[in-house]
Amino acid sequence: MSKKILIIGSGFNALATAHFLKNKNYDIKILFERSLKGVLGSIKFENENFDLGYQFFDGLDKETDKFIREMFSNEDLYDFKYGASTYSNDLLYGDHAIPYWISYGKLFITKSFIFYFIKFFKSFFFKNKNELNNLSDLYNQLPPNIRYVVSKGCEKHFQMKPHELDIVANEMSTFTNFRQTLFNDYLSNLLKKNSHFFDEHLASRRKSNKSLENISLYPKGKSMEFITDKLIEKLKNQNVIFEQCNFDKVNLLSDLKHVQFKNEKFDQVLITTSLSNIQRLFKKNLGRTYENYVSQVFIYFSVKKVDFKFQYIQVNDLNLYCSRISNCSLYSKITGENNHLLIAEIPLTNNMELWNDDKKLVDIAWNEMIKCGIIDNRTEYKMAKVLRVAKTFPVPKVNFFDFLNETDLNIKKKFSGNVIMVGQGIFTRHKFIKELLNKFK
């Protein structure tokens with residue numbers, strides 16, 4: 001008799017888990033709350049369905065590339081390679097996503113490198129004993145001029161100050177990254193190759209480093225929802241059951257060997273949803289939050305033509321509102337009116353006056369697209385649409401991992417190891433797949 005598994009969650013994580021375990025011939029049920037597809041859903045614009053912001057399977061290696069191709073329909077996926085560009089201090093720099101500090105001038109770079117060189121010299125004589133309790137502690141290891149900008153970048157992108165967040169938050173936005181681009185690729189790679197210290201502190205473009213994979217998958221000419229719908233249909237044909245319910249009303253019971261939900265008994269329950277939802281599932285510390293959900297506004301524009309070779313621009317500039325601009329029709333499709341689509345993302349708290357002002361949001365996003373160079377000032381948009389999302393992705397606060405580990409231990413004890421948390425504290429699809437493969441070899 002095959003194992004019976006209940007997966008609690010939605011979106012990529014739940015669907016990836018179902019795909020992986022179904023290949024082991026388990027009986028699977030997915031319990032989801034609002035939307036089964038999560039951010040793999042779509043928005044209707046000019047009679048076509050488009051992604052909810054920028055969506056790609058990137059940062060992959062050969063193992064995770066293979067997993068994604070097997071999970072979705074391989075014939076639909078195209079490897080676009082790395083297609084980022086970064087806008088920093090009025091300069092666009094291609095094939096890179098994090099801030100390009102050279103745009104700030106020679107004096108800025110000189111001050112930063114002197115700071116790093118002194119730390120490098122000290123590292124021969126003193127071990128770094130600094131305890132890192134939050135993101136601010138990590139940023140204290142950066143040059144003061146860079147520290148100021150990325151700290152403000154953290155507030156812009158995450159709507160919280162660095163001392164309120166866990167250090168892992170540095171990996172969740174290009175503007176908040178710990179590794180920095182001070183030099184051209186040749187000099188950066190030379191320093192990184194010959195020094196562990198500089199390898200930890202400096203960055204170079206992915207295309208200049210042959211040791212890094214350059215895989216970036218997308219269903220060319222389609223949308224993420226297209227391949228997600230095909231995956232869901234495949235799972236249904238494999239007898240995977242989908243059930244929608246209110247997580248506040250879920251009651252799991254243990255009888256040592258099984259976990260009971262309603263009138264069904266499961267051999268294991270795998271929880272892929274967020275820590276905030278786990279608090280609701282188990283009624284634990286409901287008065288406290290350990291994640292900050294970033295609220296964002298997405299502004300969709302249709303234009304007749306876009307002459308820009310990169311998939312997106314990461315806007316790492318404190319003087320601009322946008323955090324990213326996606327050249328959607330380059331990799332996805334054109335609209336039903338035969339126009340190209342651009343998407344601007346603006347992180348905003350929903351209590352700001354600007355949040356509800358469509359006209360200002362459209363004007364700001366359009367002007368910043370022109371400023372960043374994705375279109376020129378002679379271009380006019382055909383149509384604009386504003387999408388507000390109060391909760392996009394969660395950023396871990398200080399004490400996130402302490403509470404996560406405590407919760408994990410309590411759940412294992414209560415359910416005799418038959419309820420397993422998967423993927424909490426992991427914030428990329430690539431890393432989620434790695435954890436899934438490691439946990440269930």
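Using the structure shown, decide if K265 is in a strand (DSSP E or B), charged (D, E, K, R) and surrounded by fewer than 23 Cβ atoms within 10 Å (Cβ to Cβ). Walk me through how you get there before you give the answer.
Values: in a strand (DSSP E or B): yes; charged (D, E, K, R): yes; surrounded by fewer than 23 Cβ atoms within 10 Å (Cβ to Cβ): yes.
Here the answer is yes, as K265 does meet what is asked.
Can you tell me how many residues in segment 152-196 are more than 24 Å from Q424 (Cα to Cα) and more than 19 Å from the chain's Cα centre (by Cα)?
18
Being touching a residue at least 12 places away in the same chain (Cβ under 8 Å) and surrounded by 24 or more Cβ atoms within 10 Å (Cβ to Cβ): is that true of N13 here? Before the answer, list the steps.
Details: touching a residue at least 12 places away in the same chain (Cβ under 8 Å): yes; surrounded by 24 or more Cβ atoms within 10 Å (Cβ to Cβ): yes.
Answer is yes for this residue.
Tell me whether segment 140-154 contains one or more residues that are of a type in the set (K, R) and in contact (Cβ under 8 Å) with a residue 12 or more places away in the chain.
yes
Looking at segment 302-309, can you tell me whether even one residue there is surrounded by 22 or more Cβ atoms within 10 Å (Cβ to Cβ) and either within 26 Å of the chain's Cα centre (by Cα) or assigned to a helix (DSSP H, G or I) (or both)?
yes
For segment 235-272, how many residues meet the condition of being of a type in the set (K, R) and free of Cβ contacts under 8 Å to residues at least 40 places away in the same chain?
Total meeting the criteria: 3.
Table: residues versus (1) in contact with a Gly (Cβ under 7 Å, 6 or more places away or on another chain); (2) part of a strand (DSSP E or B).
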{"site": "I325", "(1), (2)": "no, yes"}
{"site": "L330", "(1), (2)": "no, no"}
{"site": "G336", "(1), (2)": "no, no"}
{"site": "E345", "(1), (2)": "yes, yes"}
{"site": "T349", "(1), (2)": "no, no"}
{"site": "K360", "(1), (2)": "no, no"}
{"site": "D363", "(1), (2)": "no, no"}
{"site": "W366", "(1), (2)": "no, no"}
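Sort through K397, K385, K371 and tell me the only one that's surrounded by 14 or more Cβ atoms within 10 Å (Cβ to Cβ), over 25 Å from S85 (Cβ atoms) and in contact (Cβ under 8 Å) with a residue 40 or more places away in the chain.
When all the criteria are applied, what remains is K397.
Determine whether segment 289-300 contains at least one residue that is among the hydroxyl-bearing types (S, T, Y), surrounded by fewer than 21 Cβ atoms within 10 Å (Cβ to Cβ) and not in a loop (DSSP other than H, G, I, E, B).
Yes - at least one qualifying residue is present in segment 289-300.
Suppose we keep only residues that are under 14 Å from the mean Cα position of the chain (by Cα) and of a type in the set (F, W, Y) within segment 425-441. Which one would you say is farthest from N25 (Cα to Cα)?
Restricting to residues being under 14 Å from the mean Cα position of the chain (by Cα) and of a type in the set (F, W, Y), the top hit is F427.
Here is a yes/no grid of residues against (1) closer than 28 Å to F57 by Cβ; (2) surrounded by 22 or more Cβ atoms within 10 Å (Cβ to Cβ); (3) modelled with pLDDT of 95 or more:
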position: C328; (1), (2), (3): yes, yes, yes
position: S332; (1), (2), (3): yes, yes, yes
position: N338; (1), (2), (3): yes, no, yes
position: A344; (1), (2), (3): yes, yes, yes
position: T349; (1), (2), (3): no, no, no
position: L354; (1), (2), (3): no, no, yes
position: N367; (1), (2), (3): no, no, yes
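Tell me which residues, restricted to segment 110-132, are surrounded by fewer than 14 Cβ atoms within 10 Å (Cβ to Cβ) and charged (D, E, K, R).
Matches in segment 110-132: K122, K127, K129, E131.
Does F113 qualify as being touching a residue at least 40 places away in the same chain (Cβ under 8 Å) and more than 29 Å from the chain's Cα centre (by Cα)?
So F113 fits the description; yes.
Quick one: G38 ticks every box in (1) modelled with pLDDT under 95; (2) farther than 25 Å from E213 by Cβ; (3) over 17 Å from the mean Cα position of the chain (by Cα) bar one, so which box is it?
The one condition G38 does not meet is (3).
The values are calculated or read from the model by the stated rules, or taken from the named source; none is laboratory data. Here the structure is a predicted model, which is why all the values come from computation and not from measurement. Backbone-built Cβ (ideal geometry, glycine too); neighbour counts: all protein chains shown.
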